[in-house]
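The values are calculated or read from the model by the stated rules, or taken from the named source; none is laboratory data. Predicted model only: the values in this text are computed from it and were never measured. A quick note on method: Cβ atoms are made from the backbone with ideal geometry, for glycine too, and the neighbour counts reach across all protein chains shown.
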Protein chains: 2
Amino acid sequence: MEKRATIKDVAEAAGVGIATVSRVLSGGSASPGTRERVLAVAAQLDYRPSAAGRNLRQRRTGGLGLLVPDLTDTFFGLLAEGVLAHARSAGEPVVLGSTGDDPEQESEMVGMLLEQGVDRVVAVPSGDAESWRPAVRAGMTVVFADRLPGESPDQDAEGPDHDLMLLDGLPPAPPARPLDTPAVLADDRSGIRTAVRYLKGLGHRRIAYLGGPGHERRVAAFREAVGAPVDEELIVFATGSRDSAYAAAAGLFQSRPDLSAVVAGGNALGEAAVLAARELDLRVPRDVSLVMYDDVPWAELCSPPLTVIAQPGREIGYRAAELVLRAGARRPRTVVLPTELIVRGSCGPHR
Amino acid sequence: MEKRATIKDVAEAAGVGIATVSRVLSGGSASPGTRERVLAVAAQLDYRPSAAGRNLRQRRTGGLGLLVPDLTDTFFGLLAEGVLAHARSAGEPVVLGSTGDDPEQESEMVGMLLEQGVDRVVAVPSGDAESWRPAVRAGMTVVFADRLPGESPDQDAEGPDHDLMLLDGLPPAPPARPLDTPAVLADDRSGIRTAVRYLKGLGHRRIAYLGGPGHERRVAAFREAVGAPVDEELIVFATGSRDSAYAAAAGLFQSRPDLSAVVAGGNALGEAAVLAARELDLRVPRDVSLVMYDDVPWAELCSPPLTVIAQPGREIGYRAAELVLRAGARRPRTVVLPTELIVRGSCGPHR
DNA sequence: CTTCTCCATGGAAACGATTCCATCATGCTT
DNA sequence: AAGCATGATGGAATCGTTTCCATGGAGAAG
């Protein structure tokens with residue numbers, strides 16, 4: 001339990017001033033002789049600069065925050081691995097928080113990060129845009145991954161505001177842009193469209209969508225892809241929990257026995273769909289075809305192996321970390337990564 | 001980007017000294033009037049004490065480190081959720097590192113944690129006892145979860161040491177106890193034994209074990225449970241990677257077509273076993289029975305659903321966090337949590 | 001009425017790093 | 001040879017907090 005060596009110890013042992021030590025260690029100028037001596041002494045004393053001291057002085061803590069809904073979900077695990085990979089290569093520590101898809105816990109975590117001095121965060125958001133505003137106003141650099149925060153509920157209030165501005169003779173400013181935060185997303189639009197086309201190609205007409213929280217874009221893409229008369233009953237939602245997902249899937253199958261294919265908007269939903277189908281004695285793909293968003297390792301283990309829309313989870317995390325770490329000069333735009341339909345065995349022709 | 005309020009700002013705004021503010025905020029004594037005023041001002045200014053300042057002063061950073069081999073593995077995700085749950089309730093931030101089961105990366109991460117001032121760590125160790133010694137000597141409080149570090153290779157040197165001590169007339173001190181670090185583990189012994197008994201009861205005689213890194217206890221328990229003439233060829237190991245696990249499983253099936261049951265010592269191994277069996281056209285459970293360590297959500301999705309040895313991953317993490325946070329007075333002993341055999345459909349009678 | 005105790009309070013030191021600035025030596029230019 | 005530029009170096013201030021200690025006032029005990 002011997003206490004750690006400080007810069008002062010190193011300075012004394014090397015017979016130089018602390019300023020010199022600091023300079024040597026942070027790459028400043030120093031004479032070769034001095035540099036060598038300082039480095040030797042530092043190594044021999046196993047000196048490590050204290051993050052607390054440095055942070056205090058430079059008024060910013062290194063490190064980045066990572067906020068995900070649930071680490072039990074393989075996709076978020078993958079995303080986290082991506083973030084960690086880049087953080088490691090940048091030598092930055094990662095402070096982790098799991099929000100359970102609860103906006104309240106989320107903002108609590110944001111508060112804690114702020115307190116820790118962590119001012120750069122990669123987040124899979126649960127709260128809406130409004131709930132993220134305090135964070136960015138407090139000076140946080142935020143990059144969203146996988147999802148965007150839900151549009152604020154005050155969207156309705158936007159109309160009146162607009163009118164008011166016109167009355168005042170002001171130029172109709174863009175109606176309070178939700179947030180100008182960069183994000184790294186998968187190309188949901190294209191992924192969903194490809195899946196739906198594929199199912200249509202197999203002859204399916206009554207295709208259902210099973211959605212989770214925070215993916216408005218996927219639903220929108222689904223609506224667009226299935227085309228004109230959208231059967232609203234075939235679009236159902238669950239919250240983040242497993243129970244909720246199962247209930248939604250089971251409810252869907254029971255209330256609409258005529259559906260012939262399901263697109264699950266996430267791996268938790270896909271899991272629920274498989275379970276519910278089995279429980280109700282629906283065979284996949286004979287009775288119902290299934291496409292799941294997210295390619296997770298166990299998709300191949302199911303029988304039949306699941307046809308999936310793969311999105312590069314690890315890379316999403318990696319790129320997000322990259323963005324948040326070099327959020328310097330030009331504010332980076334949102335990055336969209338490609339998806340890929342991986343056909344395995346869970347879809348069959350419509351009978 | 002307005003800079004955050006400091007304790008000094010609060011003190012000025014409230015018309016008191018900074019010492020008083022600090023006292024009020026950290027629960028010291030103060031007159032009711034003052035306390036109220038300070039709290040009001042602090043709230044109004046949205047004041048948050050800077051962790052950097054506090055850490056510097058008290059020479060220790062709050063927070064705890066979490067080191068896992070791979071967040072993509074559902075079990076570790078579960079464990080992490082447990083740690084996070086307890087950390088949240090204790091108001092402590094969690095610094096995460098993923099080691100990829102690589103001792104070198106692991107000690108790198110330990111170094112970084114040390115630098116950050118994080119001196120309490122929950123770890124699923126990859127390195128051996130020797131590689132953890134520097135960490136504990138540097139004053140880190142470590143609690144191992146799920147695994148113990150492999151016995152150091154210098155175990156052989158133990159004999160001589162002992163003799164030497166006898167010669168010196170010293171009391172025969174315990175021969176360099178590997179590490180007196182507490183740990184939270186599942187009851188591997190009992191779990192494996194139950195599984196093997198179950199398989200034996202189904203008539204299986206040639207039972208194989210597919211092991212991963214860091215679970216000597218499981219192998220030992222397996223050897224013990226299968227009884228006297230242990231067929232060493234039926235015990236194979238993989239490193240942490242998916243490829244390695246698949247190779248080990250496939251190799252096992254091919255080299256020993258006479259085996260009738262497999263115990264997979266982790267969910268990654270179980271996954272590999274299912275895949276390899278399918279590839280080689282072995283039916284589960286008709287041709288080969290399978291029991292997997294870890295109950296993960298997707299175990300139920302396989303067909304047939306996998307019979308598993310469930311260990312309480314979330315609770316392991318929770319308890320480990322608990323131990324490391326109140327590592328005060330009496331050094332806590334190792335905690336062993338129960339396992340449970342969950343019979344589903346992947347085991348059948350021997351034919 | 002005096003003295004003692006106790007409590008609220010504020011000033012100031014300390015924590016360990018970075019960084020500005022002054023100092024000093026060295027070598028070059030004129 | 002004198003002045004000047006350059007580069008190495010150390011002193012000291014600073015960051016925001018906690019905590020030790022001194023101060024002062026009020027109430028209690030003698």
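Which residues, counting only those in the stretch A:67-118, are within 7 Å of chain B (Cβ to nearest Cβ), out of contact with any Gly (no Cβ under 8 Å at 6 or more places or on another chain) and part of a helix (DSSP H, G or I)?
Residues satisfying the conditions are A:Leu114, A:Glu115.
Would you mind telling me which numbered condition in (1) more than 10 Å from DNA strand D (Cβ to nearest atom); (2) among the aliphatic types (A, V, I, L, M); (3) in a helix (DSSP H, G or I) B:Ala19 fails?
Going through (1) more than 10 Å from DNA strand D (Cβ to nearest atom); (2) among the aliphatic types (A, V, I, L, M); (3) in a helix (DSSP H, G or I) one by one, B:Ala19 breaks only (1).
Residues of the stretch A:111-129 being within 18 Å of the chain's Cα centre (by Cα) and without any contact (Cβ under 8 Å) to a residue 40 or more places away in the chain, which ones?
Of everything in the stretch A:111-129, those that are within 18 Å of the chain's Cα centre (by Cα) and without any contact (Cβ under 8 Å) to a residue 40 or more places away in the chain turn out to be A:Gly127, A:Asp128.
Only one of B:Leu337, B:Leu325 is modelled with pLDDT under 95, under 16 Å from the mean Cα position of the chain (by Cα) and within 30 Å of B:Met140 (Cβ to Cβ). Can you tell me which?
Just one listed residue meets the conditions, B:Leu325.
A:Gly28 fails exactly one of the following numbered conditions: (1) at pLDDT 90 or above; (2) within 10 Å of DNA strand C (Cβ to nearest atom); (3) more than 10 Å from every other protein chain (Cβ to nearest Cβ). What is the number of that condition?
(1)
Could you tell me which of the residues B:Ala42, B:Ala5, B:Ala14 is within 14 Å of DNA strand D (Cβ to nearest atom) and more than 30 Å from A:Thr99 (Cα to Cα)?
Working: B:Ala42 fails: more than 30 Å from A:Thr99 (Cα to Cα); B:Ala5 fails: more than 30 Å from A:Thr99 (Cα to Cα).
Just a single option satisfies the conditions, and that option is B:Ala14.
Give me the residue from the stretch B:31-63 that is within 11 Å of chain A (Cβ to nearest Cβ) and either hydrophobic (A, V, I, L, M, F, W, C) or within 30 Å of B:Ala310 (Cβ to Cβ) (or both) and, out of that set, surrounded by the fewest Cβ atoms within 10 Å (Cβ to Cβ).
Looking at the filtered set, the residue picked out is B:Leu56.
Filter the stretch B:120-141 down to the residues that are within 13 Å of another protein chain (Cβ to nearest Cβ) and crowded, with 23+ Cβ neighbours inside 10 Å, then identify the one that is nearest to B:Asp188 (Cα to Cα).
Of the residues in the stretch B:120-141, the ones within 13 Å of another protein chain (Cβ to nearest Cβ) are B:121-122, B:134-141.
Subsequent filtering for residues that are crowded, with 23+ Cβ neighbours inside 10 Å retains B:121-122, B:135.
Values: B:Val121: 23, B:Val122: 19, B:Ala135: 27 Å.
Filtering the stretch B:120-141 for residues that are within 13 Å of another protein chain (Cβ to nearest Cβ) and crowded, with 23+ Cβ neighbours inside 10 Å, the one nearest to B:Asp188 (Cα to Cα) comes out as B:Val122.
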